[in-house]
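Report on one structure; see the data block that follows.
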Amino acid sequence: MELEEAKQLVRDAIVAGIFCDLGSGSNVDLCVITAGGVEYLRAYDQPGQKGRK
């Protein structure tokens, strides 16, 4: 599995939790751990965000 595919898979799992549990927050944060180090992706996605009026 490529890195971007893995990020999308984890994002989809977190989004499913967000929509099923209102207390879990509304942002998707990821942490990518590789042999080269750690990368924190804060606010990777914000599903269900309302548009502007």
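Here, each number is a calculation from the coordinates, and none is a lab measurement. Since this is a predicted model, take the numbers as computed values, not measurements. Every residue, glycine among them, receives a Cβ derived from its backbone with ideal geometry; neighbour counts consider all protein chains shown.
Below is a table of values for the structure above.
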quantity: Whole-number percent relative contact order across the chain, with pairs defined as alpha carbons under 8 Å at least 6 apart; calculated: 27
quantity: Ranked list, fewest to most other Cβ atoms within 10 Å of each Cβ, for 30, 9; calculated: 9, 30
quantity: At most 12 other Cβ within 10 Å, DSSP loop - GluC sites (Glu not before Pro), the chain; calculated: 2
quantity: Cα-derived Rg to Rh of the stretch 3-45, Kirkwood definition; calculated: 1.02
